[in-house]
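Enquirer: Below are the C-alpha cells for one structure; questions will follow.
Coordinate-derived values only; no laboratory data. Owing to the predicted nature of the structure, the values given are computational and were not obtained by experimental measurement. Cβ coordinates were reconstructed from backbone atoms using ideal geometry, including for glycine residues, and neighbour counts include every protein chain displayed.
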Amino acid sequence: MSEEQRQSDARIPATVDAPAAPVAVAAPVLGPAPASRGAVTALPGRASALARAQDAATQLVPQLQYQIARLGPAGQVGLSALVAALVVAATTLLPAHHALQALSADLARAQHPSAAALADQAAPRLIASLPTRAQIPAVIGQIFIQAKEAGVPLDTGHYVYSPAKAGAIARYDLEFPVKASYPDIRSFINRTLSAVPAAALGKLHVERKAVGDQLVNANIGFVVFVRSEQRP
C-alpha cells in the first residue's frame, strides 16, 4: 500500500455504533372498575318493573275509555257529577266534619271536667257539710229517734272521740248493744244512715242464741265524721 493510501485511511475515523434508541413499551390499559353485582342486577329489575307498570297503564287507559263510552251521554254526565261531588266532599265536607268533631270533643271536655277537678271542688263542700264536735249531742239525739221509730231500744251506748291526725276531719265511734228482731235492726241502720249523712256503719255483730228465737243480740257500731274546729 502506498504512503498516500495509508494517510487517507488514517484520517477516516473508526466507525462507532450509535446507542440504540429507547424502545417505548406500551403499558397495559386498565379498564373501568366493574360495577357491583347488586347494582348490575338492580337496574334490569327496575327497568322491568317500570316496563310492566307502563304496559298496565297502557292497557288500562283504553279499557277506561271504552267503559266511559259505553255509559252514553247521560252516564257520562252522571259520572262527571259524581267526580265533582267527590272533589267537593274531599275539599270541603271532610275538613268541616273534622272541625265539627274537634269542636264537639272540646265541648264535651268543657261540660265534663276531669275527676281530679271534681274531687278538688267536692272536698271543701264535703268537709263543710260535716257536723262539728259541738253538734254531736244533736247527732246522737237523731240516732235515738231513728232507733225508736225502728222499734229498737237503745239502753246503753259507748262513745269515743278520735281527733284529726292529719287534715281537718275527726271522728266519733258510737257503739250500741241492742236486742231486737233482725228486720228491726236492719231498719234502724238504714234510717240512721239516711238521717245522718256524716255517719257510716263501722261494725255489726249479730248473735242468735237459739234457732227459734225471734230476737237477736246485736252490737252496732257507727262512725260519725266531724270537722275540726278552727281555733284562732
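Enquirer: Rounded to the nearest 20 Debye, what is the dipole magnitude of region 124-227 about its Cα centre when Lys and Arg each give +1 and Asp and Glu each give -1 at the C-beta?
Expert: That gives region 124-227 a dipole magnitude of about 340 debye.
Enquirer: Moving on. Quick one: which residues, 5 or more positions from residue 169 or on another chain, have an amide H under 5 Å from its amide H? H modelled 1.01 Å from N in the peptide plane, none for Pro or chain starts.
Expert: Amide H neighbours of residue 169, under 5 Å, 5+ apart: 228.
Enquirer: Evaluate Rg over Rh across region 124-227, taking Cα atoms for both radii and Kirkwood's formula for Rh.
Expert: Reported Rg/Rh, Kirkwood definition of Rh: 1.02.
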